[in-house]
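Reading through the structure tokens given below for one structure.
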Amino acid sequence: MRAIILLGGPGAGKGTLSEILTRKTDYLHISTGDMLREAVRSASLVGQAAKSFMESGSLVPDSVILDIVEERIDSGDPQAHFMFDGFPRTIGQAEGLDSIFVRKNARVSNVFNLTVPREILIPRLTGRRVCKSCGAVYHLINKPPKNPGRCDIDNGELLQRTDDSEATILNRLLVYENQTAPLIAYYENRGLIRHIAATQTPDQIANIVLGFIGA
Ligand code: AP5
């Protein structure tokens, strides 16, 4: 079992890249953001614990995150390869993942750090729209749907994420700088990190990643 990690600030394009890599590789996509939004929708215990943190753009406690990630890993094929999107997000989560992987004789093979200037991240997030039924991601300017407000795939209603308001975005960026950016040095010290300018098109970024993982 091995894993790649997609690192990058809010709106860097981790979800968009994951969608392409899921189609082109056998890596299983694990997005803690998607798992938490589903938990909030279903009002599970995890969802109730996570809701207020997510609404304010703060991080959900490490213990909750590590539990849901380990459960997800355990529920699949023990030989599967994983693609983590938005996890780990703190040094504590990275150390927790290391411990899980020691137990499972697994390893992180590559960490891709998607770099985007802050002045580009904010409009990416304010312009993002997500299909209410299938979760497909659009952008009002970069990737508009064919019919305004409707998903190209299933005609579902396109909504703005509640944490994509400008005030919450600013907090998410601050949280990223304080709590997640230190992971760059953490993985640099292990010789695992690759920096990718994520101002390129999603397909260009995916081709760079595919070159590194040999898929
Ligand atoms: P999460 O869902 O992980 O949010 P995030 O990390 O802030 O990242 P986003 O999903 O906002 O952005 P993205 O990088 O995936 O960009 P996307 O591809 O959509 O987490 C949400 C919340 O959950 C957190 O705030 C926290 O509360 C909680 N949480 C989640 N994980 C946690 C954890 N591990 N620990 C603790 N708490 C956790 O792209 C954005 C837009 O840009 C789209 O419109 C897209 O079309 C466009 N776009 C993408 N790529 C490009 C490109 N190359 N060029 C032009 N436009 C592009």
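Brief remarks on what is shown
- Test: residue in region 75-86 that is in a strand (DSSP E or B), aliphatic (A, V, I, L, M) and at pLDDT 95 or above: yes
Results for (1) among the polar types (S, T, N, Q); (2) exposed (fewer than 12 other Cβ atoms within 10 Å of the Cβ); (3) part of a loop (DSSP other than H, G, I, E, B), shown as yes or no for each residue.
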position: Gly135; (1), (2), (3): no, no, yes
position: Ile169; (1), (2), (3): no, no, no
position: Leu173; (1), (2), (3): no, no, no
position: Asn178; (1), (2), (3): yes, yes, no
position: Leu183; (1), (2), (3): no, no, no
position: Tyr187; (1), (2), (3): no, no, no
position: Gly191; (1), (2), (3): no, yes, yes
position: Arg194; (1), (2), (3): no, no, no
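- With respect to the conditions (1) touching a helix residue (DSSP H, G or I) at 6+ places or on another chain (Cβ under 8 Å); (2) closer than 24 Å to Ser58 by Cα; (3) at pLDDT below 95, Tyr187 lacks only one, and its number is (3).
- Residues of region 100-145 that are of a type in the set (Lys, Arg) and more than 12 Å from the ligand (Cβ to nearest atom): Arg103, Lys104, Arg107, Arg118, Lys132.
- Evaluation of Ser109 against (1) touching a residue at least 24 places away in the same chain (Cβ under 8 Å); (2) among the hydroxyl-bearing types (Ser, Thr, Tyr); (3) surrounded by fewer than 15 Cβ atoms within 10 Å (Cβ to Cβ); (4) farther than 22 Å from Ile208 by Cβ (one fails), failing number: (4)
- Flag for Gly47 being near the ligand (Cβ under 7 Å from one of its atoms) and touching a helix residue (DSSP H, G or I) at 6+ places or on another chain (Cβ under 9 Å): no
- Restricting region 7-44 to residues that are β-branched (Val, Ile, Thr) and more than 7 Å from the ligand (Cβ to nearest atom), the residue that is farthest from Asp77 (Cα to Cα) is Val40.
The values are calculated or read from the model by the stated rules, or taken from the named source; none is laboratory data. Treat the numbers as computed from the prediction; the structure is a model and nothing was measured. Every residue, glycine among them, receives a Cβ derived from its backbone with ideal geometry; neighbour counts consider all protein chains shown.
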